[in-house]
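Visitor: One structure follows; several queries about it will come next.
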Amino acid sequence: MMAKVFTALLAVALVFGLLGGEIGQVAAALPQGAAGAVELALSLGGVMCVWSGILEIMDQSGLSRKIAQGLGPVVRRIFGPAARDPQTAEALSQNMAANLLGLGAAATPAGLRAAARLAQREGRPNGDAVLRLMALNSASLQLIPANIAAVRAAAGAADPFSILPAVWLASAASVGAVLLASRLLARAWPA
């Protein structure tokens, strides 16, 4: 699907370049854009490897279980009885920990494990807890926006973490909105 989107965008750029008489600039921008994309992917890949490795060390050392125990009351409050299973609670906690670090891609494997366990427990893939997890994973409260800071550093920002207060405010507001909407919709359309 993304290949079709990128092909359509390229075709639109070429058409407008031809119509505007700027096809030379469009042609010159193509390799520059590709080089920038590769550079950005490599810098983000490095950050992701470091943090994914840290998450794996946390998992192997048992720290994930301790974080799961610490986040247990929060996880149970958000996900209710569905989070009482220790493996589900651990996957949910690891997903939340990765999101707190601003590592959406590193949070994905734990989120998928948690969603599968929640769906299995609820007996359906679109249960309230699964949908709440998906919404929270998209909104995600971030304390350290590592990926955003990496993008800003790659773009030449002097202080990539200067956005912390705005990130904290925006992510707290989005998580609050998700939790409120989830509760209201669950009452309006009970399962």
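Visitor: Could you tell me how many of the residues in region 83-98 are within 28 Å of PHE161 (Cα to Cα) and open to solvent by 10 Å² or more (accessible area, probe 1.4 Å)?
Guide: Counting residues in region 83-98 that are within 28 Å of PHE161 (Cα to Cα) and open to solvent by 10 Å² or more (accessible area, probe 1.4 Å) gives 3.
Visitor: What number goes with the only condition from (1) open to solvent by 40 Å² or more (accessible area, probe 1.4 Å); (2) under 28 Å from TRP51 (Cα atoms); (3) of a type in the set (Gly, Ala, Ser); (4) free of Cβ contacts under 8 Å to residues at least 60 places away in the same chain that ALA115 does not pass?
Guide: Answer for ALA115: the failing condition is (1).
Visitor: Mind telling me which of the residues ILE144, ILE148, ILE163 ends up being over 14 Å from the mean Cα position of the chain (by Cα), modelled with pLDDT of 80 or more and surrounded by 14 or more Cβ atoms within 10 Å (Cβ to Cβ)? Before you say what the answer is, go through the steps one by one.
Guide: Values: ILE144 fails: over 14 Å from the mean Cα position of the chain (by Cα); ILE148 fails: over 14 Å from the mean Cα position of the chain (by Cα).
Checking each option against the conditions leaves just ILE163.
Visitor: Search region 166-191 for residues being open to solvent by 40 Å² or more (accessible area, probe 1.4 Å), farther than 16 Å from ASN137 by Cα and of a type in the set (Gly, Ala, Ser), and hand back the single one that is modelled with the lowest pLDDT.
Guide: This residue is ALA191.
Visitor: Of all residues being without any contact (Cβ under 8 Å) to a residue 40 or more places away in the chain and open to solvent by less than 40 Å² (accessible area, probe 1.4 Å) in region 72-82, which is farthest from ALA135 (Cα to Cα)? Just the residue, please.
Guide: So, considering only residues that are without any contact (Cβ under 8 Å) to a residue 40 or more places away in the chain and open to solvent by less than 40 Å² (accessible area, probe 1.4 Å), the one farthest from ALA135 (Cα to Cα) is GLY72.
Visitor: If you don't mind, there's one more thing I want to ask. Considering only residues that are over 22 Å from ALA150 (Cα atoms) and under 34 Å from the mean Cα position of the chain (by Cα), look in region 17-41 and name the one that is least open to solvent (accessible area, probe 1.4 Å).
Guide: VAL26
Visitor: So the check is Cβ under 6 Å with 6+ separation or different chains; which pairs have a first residue in region 52-69 that's among the β-branched types (Val, Ile, Thr) and a second one that's open to solvent by 30 Å² or more (accessible area, probe 1.4 Å) and not in a helix (DSSP H, G or I)?
Guide: Listed pairs, sorted by first residue: none to list.
The values are calculated or read from the model by the stated rules, or taken from the named source; none is laboratory data. Because the structure is a prediction, the values reported are computed rather than measured. All Cβ positions, glycine included, derive from the backbone under ideal geometry; neighbour counts span all protein chains shown. Quick note on the areas: whole protein, heavy atoms, side chains included, nothing else; ligands and nucleic acids left out. Shrake-Rupley method; radii C 1.70, N 1.55, O 1.52, S 1.80 Å.
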